[in-house]
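Shown next, in structure tokens, is the structure this report addresses.
The values are calculated or read from the model by the stated rules, or taken from the named source; none is laboratory data. Since the model is a prediction, treat every value here as computed from it, not as a measurement. Cβ sites come from the backbone with ideal geometry, for glycine too, and all protein chains shown count toward neighbours. Protein only, heavy atoms only, side chains kept; ligands, DNA and RNA dropped before computing areas. Shrake-Rupley method; radii C 1.70, N 1.55, O 1.52, S 1.80 Å.
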Amino acid sequence: MKEKIEKVPGAEPCGKVWLAGAGPGDAGLLTVRTKELMELADVIVYDALISAQILSLISPKKEMIHVGKRSGHHMVPQEEINQILLEEAKKGKKVLRLKGGDPFIFGRGGEELELLKEHGIPFEIVPGITSAAAVPAYAGIPVTHRDFTSSFHVITGHPRKDGTSRIDYPSLVNLKGTLVFLMGISSMRTILKGLTDAGMDPQTPAAVLEKGTLSAQRRVVSTVEHLAEDAEKAAIGTPAIIVVGEVCALADTFHWAEDRLLGGRQILVTRPRQNGSRLSDKLRSLGAQVIELPAIDTKTISPNPVLEREMKAFGHLAEEEWLVFTSPIGVRVFFEQMAELKMDLRKLFRCPADVKIAAIGSATEKELALYGLFADLVPNVYCAASLGTQLAETAKAGSRVTIVRAAAGSEELLPPLEEAGIKAVDIPLYETVYETHGQVREKIQKLFEDSEIDAVTFTSASTVKGFVNAVGALDYKKIKAVCIGEQTAAEAEKYGMQIRISKKASIDSMVELISSMF
């Protein structure tokens, strides 16, 4: 149910602000409520640490404002961020302030609310999973353990503006709990020295955890005495957290994230926006980090006088009539259009002709089954050329074939039918639109530059085109392209991608191929 903002008659328009935590980066750690708000909001104000996985879930139609903050560098000053939230809400908009981790754990969430409260702007707080707990967990470090400690403490490693420390080291050492330092990488040597100077045993286990919960996460487990040196050798960068305590020694026993079949791998899955993410779900279940890039959208052709005319005549112009579908989206749009035209399916199939149905592949066949229709023909190879060839071989002489599909459908479907002398009517149901956020493009380009995306999946030639349109200039020769069939592979090959084709044109076969690759 959509949320509404009540407006008092005669009053200034007033929106609402939701201050929500996006967690440490893994999209699987988003709360249900935050995911809902990403769809509800009119405008999303977000930080630099919001991962590409999460940004890719946001519709390109949303207004996005990047106010990134990272490693102490504020692209937009905090006071200006506060003002942006106020001004957008005063326009009557639903504003989502999307922050990394939890908004109230060193996220300056309280500061952002002060101005809203002063001006009477309604707001809600949506807690997020803090990196202080999630990042150690993904590294196999429990922040509490009955054999080692019964408490943990979260400390900001950021020094004051004048460079002085705000940390009471003697008190922390006396607590004998697990210490988690956020935003402390640049001050690591100062922090560790402060602990030893306050009496902590230099041999106390300690760890630094980089890019926690993401596929590129790394950990260095050492001691308080040697951690800074070991982190420098490993070239640990930001974002990262420091963990100090006996529990750090458990990482070698409890590590798990990288042990999964596709652990440590990041796959970019391209798909039409309307399609479900079954491929993504299967890859995630094997441990992969998945960025979903719905780089193509579909725009239904409506009104569609050609469809209306041909469907009224369907079944009355030949002894055998074929209705041909070339995608699951085409199936859905067809039935939506039939409902819009108020055309009763009973009339469509109660006709003089022998009506038969063809589907280009198993996914389209399954989508038809949801409407109670079962395909008479599915080609052995799931592509337009094979569908056209087998239709030409199967259809009786004098048959009539009606194809309902995208306006820019494959040109390989019709020639075999024409050569066989079979009358074919090609009806465009929808147009393909390529779209993506500029912010997502920048994130993904950076991931490719840093070699942090292991493969890209393509389930149609249009997803290849959508991907290229979405991400812009890249060295495509370095991209490992996992393709569902020959036609899709041919499109990817135009850009010089490294091609791998699944044995069967199915999601399961693509997953098997990716698993064997990594």
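Looking across region 486-518, the residues that are more than 18 Å from residue 282 (Cβ to Cβ), touching a Cys at 6+ places or on another chain (Cβ under 8 Å) and small (Gly, Ala, Ser) come down to 489, 492. All of 209, 179 fail the test of being hydrophobic (A, V, I, L, M, F, W, C) and more than 27 Å from residue 451 (Cα to Cα), apart from 179. Residues in region 254-281 that are touching a residue at least 24 places away in the same chain (Cβ under 8 Å) and over 20 Å from residue 216 (Cα atoms): 8 in all. Residue-level check: of (1) open to solvent by 10 Å² or more (accessible area, probe 1.4 Å); (2) among the acidic types (Asp, Glu); (3) touching a residue at least 24 places away in the same chain (Cβ under 8 Å); (4) farther than 21 Å from residue 240 by Cβ, residue 201 misses just (3).
Counting only residues that are small (Gly, Ala, Ser) and part of a helix (DSSP H, G or I), which one in region 19-35 is surrounded by the fewest Cβ atoms within 10 Å (Cβ to Cβ)?
Ranking the candidates gives 28 first.
Filtering region 76-101 to residues that are touching a helix residue (DSSP H, G or I) at 6+ places or on another chain (Cβ under 8 Å) and not hydrophobic (A, V, I, L, M, F, W, C) leaves 78, 82, 83, 94, 97, 99, 100, 101. Summed over region 440-460, the residues that are at pLDDT below 90 and among the β-branched types (Val, Ile, Thr) give a count of 2. Quick check: anything in region 451-473 touching a residue at least 24 places away in the same chain (Cβ under 8 Å), of a type in the set (Phe, Trp, Tyr) and farther than 17 Å from residue 289 by Cβ? Scanning region 451-473 turns up at least one residue that is touching a residue at least 24 places away in the same chain (Cβ under 8 Å), of a type in the set (Phe, Trp, Tyr) and farther than 17 Å from residue 289 by Cβ.
Just one residue in the set 494, 443 is free of Cβ contacts under 8 Å to residues at least 40 places away in the same chain and not polar (S, T, N, Q); that residue is 494. Among the residues making up region 329-344, those that are in a helix (DSSP H, G or I) and open to solvent by 60 Å² or more (accessible area, probe 1.4 Å) are 336, 339, 340. When every residue of region 78-91 is checked against the conditions, at least one turns out to be touching a His at 6+ places or on another chain (Cβ under 7 Å), farther than 22 Å from residue 280 by Cβ and of a type outside the set (Asp, Glu). What are the residue pairs meeting all of these: first residue in region 350-369, first residue among the acidic types (Asp, Glu), second residue surrounded by 17 or more Cβ atoms within 10 Å (Cβ to Cβ) and in a helix (DSSP H, G or I), Cβ atoms under 6 Å, and 6 or more apart or on different chains? Cβ pairs passing all conditions: 367/328; 367/331.
When residue 362 is tested against (1) out of contact with any strand residue (DSSP E or B) (no Cβ under 9 Å at 6 or more places or on another chain); (2) open to solvent by 50 Å² or more (accessible area, probe 1.4 Å), exactly one condition is not met: (2). Of the strands (runs of 3 or more DSSP E) contained entirely in region 104-190, those carrying at least 2 residues that are in contact (Cβ under 8 Å) with a residue 12 or more places away in the chain and open to solvent by 30 Å² or more (accessible area, probe 1.4 Å) fall at 123-126, 152-156.
Might you let me know whether region 246-266 holds any residue that is among the hydroxyl-bearing types (Ser, Thr, Tyr) and either in contact with a helix residue (DSSP H, G or I) (Cβ under 8 Å, 6 or more places away or on another chain) or under 19 Å from residue 447 (Cα atoms) (or both)? No; the residues of region 246-266 include none that is among the hydroxyl-bearing types (Ser, Thr, Tyr) and either in contact with a helix residue (DSSP H, G or I) (Cβ under 8 Å, 6 or more places away or on another chain) or under 19 Å from residue 447 (Cα atoms) (or both). If you filter region 36-48 down to residues that are closer than 12 Å to residue 439 by Cα and part of a loop (DSSP other than H, G, I, E, B), you find that the one that is modelled with the highest pLDDT is 47. Examine region 70-85 for a residue that is within 19 Å of residue 440 (Cα to Cα), in contact (Cβ under 8 Å) with a residue 40 or more places away in the chain and not hydroxyl-bearing (Ser, Thr, Tyr), and state whether such a residue exists. Yes. Among residues of region 234-248 being surrounded by fewer than 17 Cβ atoms within 10 Å (Cβ to Cβ) and small (Gly, Ala, Ser), the one that is modelled with the lowest pLDDT is 237. Considering only region 225-263, how many residues are within 31 Å of the chain's Cα centre (by Cα) and on the phi > 0 side of the Ramachandran plot? Qualifying residue count for the region: 1.
To keep it simple, each residue is scored yes or no on (1) modelled with pLDDT of 95 or more; (2) in contact with an Asp or Glu (Cβ under 7 Å, 6 or more places away or on another chain); (3) over 17 Å from residue 37 (Cβ atoms).
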{"position": "79", "(1), (2), (3)": "no, no, yes"}
{"position": "88", "(1), (2), (3)": "yes, no, no"}
{"position": "102", "(1), (2), (3)": "yes, no, no"}
{"position": "109", "(1), (2), (3)": "no, no, no"}
{"position": "112", "(1), (2), (3)": "no, no, no"}
{"position": "121", "(1), (2), (3)": "yes, no, no"}
